[in-house]
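Scroll down for the structure; my scribbles are underneath it.
The values are calculated or read from the model by the stated rules, or taken from the named source; none is laboratory data. Keep in mind the model is a prediction, meaning the values are calculated, not measured. Heads up, the Cβs are rebuilt from the backbone with ideal geometry, glycines too, and the neighbour counts pull from every protein chain shown. Areas reflect the complete protein model, heavy atoms only, side chains present, ligands, DNA and RNA absent. Shrake-Rupley method; radii C 1.70, N 1.55, O 1.52, S 1.80 Å.
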Amino acid sequence: MPTVTDATAATAITATAFDSGPLSSIRAEIGHSLIEARVALDKVRVEPADAAALERALSQLHQVTGALSMVGLAAAARTSLELEKLVGSISAELSTELAQKITAAKSAMDILTKYLDELIGGQPDRPLKLAKCYALLNTLRGAQDAADSDLFFPDLMLPTPAPDPADLPPPNTIFVDAIRQARAIFQWGLLKLLREKDLVNGVREMRRAAALIEALKASSPSRSFWFAAMGFFDAVAIEPSSAGALAVQLFGKIDQQIKLLIDGPRDAPEQLFRDVLYVVGKSGARNEHIRQVRDIYNLDDLLWLPEITADNNARTTELINTLRDQVRAQKETFLALTNGNRAALEPFTKQAESIALNGEQLSNRDLVQLLQILSAVGRHLGKTDKLPSQTQALEIATAILFVELSLEDYFRLTAEFAQQAATICKLLRTAMTGADLQMLEKPASQFADTMTLRAQTHLLIFQVGREVQINLTTIEGVLDDYFRDTTKGLTLTLIEPLLKQVHGALAMLDLDEAASLSKLLSTHVIALAKAVAAAPAADRSTINVAETAEAIAAVEGLTALGLYVSALQQGSANPRTLLLPTLIRFGLAEQPLAVQKTRTKRATEKNTLAVPRAQTKKPDIDTTPAATVEIMALASSVINTNTGAMTTTDSAKAQHELQRLTASEAELKKIIQDRNKRINALELVVASLTEKIKNSGLIKS
């Protein structure tokens, strides 16, 4: 058996860590393509018949697959290819599957993004992290032929340790005769296995044949396969139970490979090589040769799976993740239902039944009961074939939102959860049956008000956001046409009312920054449209660099708005992060600079020492706005520290800054007043909802 005694040699044959350099160079492009694919799928969700949007999503995903293949991430590329196939299977006619497929596709993009970021962060390449995602994508497109081994791509070109000189054949050995002798030994072992049912001794004979061939091919690159095959036979002999049916199939394939060697040297097929290493990696058998094979080909990382020490907890976590994905898809279906889409009634019913069926495995019986009631609601709506009333829709939305939040915090649910779930069940039953509602206890009433308000807000954001997304898609389409053919510039005038509707919708939702951005983009596009309309017809085909650059900037801003609204609809934790770069670019927000604030503070403290005592009275922090403090700091910073007096130029600068910041302070006060008004209005809404819940007659009507 070959041995490695030198430490340097041992290091040389060990698989190197993943080189994240090539991936880092294209990570930004991959991220951009995934974002573009996500935006296109959001358009398909809104308009299933939008073939152009679906084609854009496929094009972007195809670029991702190619990029991942280029940097050697075969498992990630295979997953991306499966994602492509899923998106390609989306059809406008199969509306029942649309939401589920798009949700799964976007979830797969998130998993891929996290996987790549972990690699760049220095973590080892563990492709089986993608296995569940890969299998789900495969199942949703109707294939159901996925296997973990599909993601197993070891580097087959890695060198193996040199054989022991004592094992080498004599110099005058005839290669063909030696191969025939090796095949005879192999087939003798195979007969022991098949006729005598002697697995261990039969496999040992086959291992002896592989060792002979490995020595014969000492100087050949294909020797690595036979080195791995020896580890394969060791693993089967030591632990037959973990070899599985794949090992039995490999016996015959290895025999055929030996037969082919008689006709002349040739390399082993890549798939055969991978399968041999896969059996070694999955086996629990260990000896020195197996350890070398595992180390050289990095099998411990490539076949790594999360530890399942707490098996029940692991299964529960997997179940929770599945239910969360199902509830998210159901929420999208229900929101489409509340928007008047009667075709969403059947998929909503099926989704509710599937969630309740899977939820029966949960140990929290209060949540299980709520899922069963939601399933009953779905069956009731399906039988009556009627859309839910406004009151019913609000309570159903509240229940779905409560389930989603409960699943997210499943392992951290408090003692009050049982009462909260019972309250939601009671409100849902009342809304569906019209029975009088008994007076709720105060804590339960407050909780119901909060959940109802959140559900109502979510419904409003989704419905209004849907209209905004449709308008943004139309606007972007017109601008795209203008880029392709500048003679179509007159069509730009048609999007002015759409831009005004977008601004009005965002303002209605109190999304001030987004509304300001939409107004600014509207100004840019309308100015461009007027400039194009005023130009002579002969000049409309001439490219105006300034106008085109302005239009491109507007498109990028509209795309950012679309991502922001989509994040709001999906309930993202911090959707503003998607909008902030665009706000900064158009001067509607400032880049936060902690260092600059620190320097300003230090300069203020230093220069304050030179100010006369009468001028440096400490402001009342509780009552003085931040702008006033900034005014005082800037006034102090222009004082000449050498003479203690202000120059004429410095005085003028200070006066100018004082006027500017005073205006900023007035604007800040106005913003605070507006916010206070909105808070008061919100309190009135909460009070009104509380009164409605207490008044059973109103709920019944």
Inset, instruction - Assess whether Asp481 counts as being part of a loop (DSSP other than H, G, I, E, B), open to solvent by 20 Å² or more (accessible area, probe 1.4 Å) and either at pLDDT 75 or above or in contact with a Lys or Arg (Cβ under 8 Å, 6 or more places away or on another chain) (or both). - result: no
Inset, instruction - Answer yes or no as to whether Ala421 is buried (at least 16 other Cβ atoms within 10 Å of the Cβ), modelled with pLDDT of 80 or more and closer than 28 Å to Pro48 by Cβ. - result: no
Legend entry - Tally, over the range 359-368, of residues that are surrounded by fewer than 17 Cβ atoms within 10 Å (Cβ to Cβ), in a helix (DSSP H, G or I) and modelled with pLDDT under 85: 1
Inset, instruction - Within the range 440-459, identify whether any single residue is over 30 Å from Ser566 (Cβ atoms), modelled with pLDDT of 80 or more and not charged (D, E, K, R), and answer yes or no. - result: no
Inset, instruction - Would you check if there is a residue in the range 318-325 being modelled with pLDDT under 85 and not charged (D, E, K, R)? - result: no
Inset, instruction - Hey, could you check the range 493-515 for residues that are open to solvent by 50 Å² or more (accessible area, probe 1.4 Å) and out of contact with any helix residue (DSSP H, G or I) (no Cβ under 8 Å at 6 or more places or on another chain) and say which is modelled with the lowest pLDDT? - result: Pro497
Inset, instruction - Might you let me know whether the range 244-265 holds any residue that is among the charged types (D, E, K, R), within 23 Å of Phe186 (Cβ to Cβ) and surrounded by 22 or more Cβ atoms within 10 Å (Cβ to Cβ)? - result: no
Legend entry - From Ser59, Ser24, residue being over 18 Å from the mean Cα position of the chain (by Cα) and either among the β-branched types (Val, Ile, Thr) or modelled with pLDDT under 90 (or both): Ser24
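Rundown of residues vs (1) farther than 26 Å from Asp145 by Cβ; (2) basic (Lys, Arg); (3) modelled with pLDDT under 90, yes/no style:
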position: Thr3; (1), (2), (3): yes, no, yes
position: Ala17; (1), (2), (3): yes, no, yes
position: Ser20; (1), (2), (3): yes, no, yes
position: Ala28; (1), (2), (3): yes, no, yes
position: Pro48; (1), (2), (3): yes, no, yes
position: Gly66; (1), (2), (3): no, no, no
position: Val71; (1), (2), (3): yes, no, no
position: Thr79; (1), (2), (3): no, no, no
position: Glu93; (1), (2), (3): no, no, yes
Inset, instruction - Filter the range 150-178 down to residues that are in a helix (DSSP H, G or I), touching a Pro at 6+ places or on another chain (Cβ under 8 Å), farther than 30 Å from Ser69 by Cα and at pLDDT 65 or above, then give me how many there are. - result: 1
